[in-house]
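Take a look at the structure below.
Read-outs throughout are calculated quantities, based only on the coordinates presented, and are distinct from any laboratory measurement. Note that the structure is a prediction, hence the values are computed from the model and not measured. Cβ sites come from the backbone with ideal geometry, for glycine too, and all protein chains shown count toward neighbours.
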C-alpha cells in the first residue's frame, strides 16, 4: 500500500456519500507498499480501506480482482470484500483514478514470521488454491517470463546504478530461465504477491489475506515459490529451512504437490526471486521520490536469487522423499 494520488476532503465526502455506510468521520493515507494509493477511512459504520488504482494496475483487470475476493469469501477464505454503493457498483472513480471501497479486515501482519506463522501461511495458501479452482474468470500473469524480459529491457540501461554488475547478472539468469522454465504444471488462481504484509494474524492464527491486485491464473507451485522467497529467509539473507519445511508440510496437508511440481520447485523459486528483483529495481529507478511510499531494497532479492541458484533439489527446502 502507498499514497500517490491525493484526495480532497470534498471529493472524499461526496464519494463516501454514495454508499450506505454513514458519514465520513476521518481518513488517513497508508504508506506501506508500492502499487496503489490506499487510505484508511472511518465512517459512522466503521473502518474501511479506500483503494485508488494507479498506473501498473489496468482498469480492465479490476473486475477480476473484485470478483475474486467475493468468490473466495463465499468459499470460506477470509479476505476483504468490495463494498457495493447504493447503485450496486463496486468499481467507481475518484480523483481521476479507478477506485473501490473495501471492507476492513481485523488482524496484524507479522514483521518477523516464526515457524507457526509459516505453517499457517502454507495451510491457507493451499486452501486459497483449492477455493479458486471453480472461479470462472481468468487473467494471464503479466509478470511471468515474458514480463520479466520486458522489465529487463526497461531497467538494463540503469541497473548498474542500483547494484554494480546487476545488468549482466540479471541477463545471465534470464537466459537460464528461458532455457529451463516450464509451464506444464497444475494451474489455477494464484495470489502472486503473498508477502507477510498481505497476511493478517490474530493470536498467531491467520485471520485473512489481503491485496489481490497481482492475482492471476498460473502455476500453483509458482505461488508456493513466491512464498518460499517471502517467508523463509532471515534478515541477513540466510535461508531458514525449518520455516520452509513448516510452510511446505502445512501446504501439503491441504493439497499434495505433484512430483513434477516438486522437481521444478528450485527453478520456480529462481523465477520468483528474479521477478521481485526486477520489479524492485524498476520501482527504485522510477518511483516519484515525493510519493508517500517506502522503497524496497532490490539487493534483498539478488541475495535470495543467488541462494536458489545453488539449490540442487526440492529436498533443500526441507521436504523429505515422497
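The length gained by stretching the chain between residue 254 and residue 315 to full extension, at 0.36 nm per residue less their Cα-Cα distance, is 20.0 nm.
Using Cβ contacts closer than 10 Å as the measure, can you line up 219, 137 from fewest to most? Write out the running numbers ahead of the final one.
On the way: 219 23, 137 12.
Ascending Cβ contact count within 10 Å gives the list 137, 219.
Averaging 1/r across all pairs of distinct Cα atoms in the chain and inverting the result yields a Kirkwood radius of 20.5 Å. With the cut-off at under 16 Å, measuring from each backbone N in region 87-122 to a point 7 Å along the Cα-to-Cβ line of residue 8 picks out 94-97. Working from label points 7 Å from Cα in the Cα-to-Cβ sense, the residue 286 to residue 25 distance is 4.0 nm.
Estimated purely from DSSP H runs of n ≥ 4, each contributing -39500 (n - 2.57), the mean residue ellipticity at 222 nm for the chain is -13500 deg cm²/dmol once divided by its residues. Against the chain, whose longest principal axis is taken from its Cα atoms, helix 259-286 shows a tilt of about 60°.
Against the longest alpha carbon principal axis of the chain, how many degrees, from 0 to 90 and to the nearest 10, is the axis of helix 241-254 turned? Its long axis makes an angle of about 70 degrees.
Between residue 180 and residue 134, the modelled labels are 3.9 nm apart [label points 7 Å from Cα along Cα→Cβ].
Suppose R0 equals 35 Å; then what is the FRET efficiency for residue 204 and residue 158 from their Cβ-Cβ distance, rounded to the nearest 0.05?
Numbers: r = 42 Å, r/R0 = 1.21.
E(calc), rounded to 0.05, equals 0.25.
Against the chain, whose longest principal axis comes from its Cα atoms, helix 220-231 is set at around 90 degrees. Using the number of other C-beta atoms within 10 angstrom as an exposure proxy, rank 85, 204, 193 with the fewest first. With the fewest neighbours first, 85, 204, 193 line up as 204, 85, 193. Of 21, 190, 49, the sequence from fewest to most neighbouring Cβ atoms within 10 angstrom is 21, 49, 190. Across the chain, C-alpha contacts under 8 Å between residues 6 or more apart give a mean separation that, scaled by the residue count, equals a relative contact order of 19 percent.
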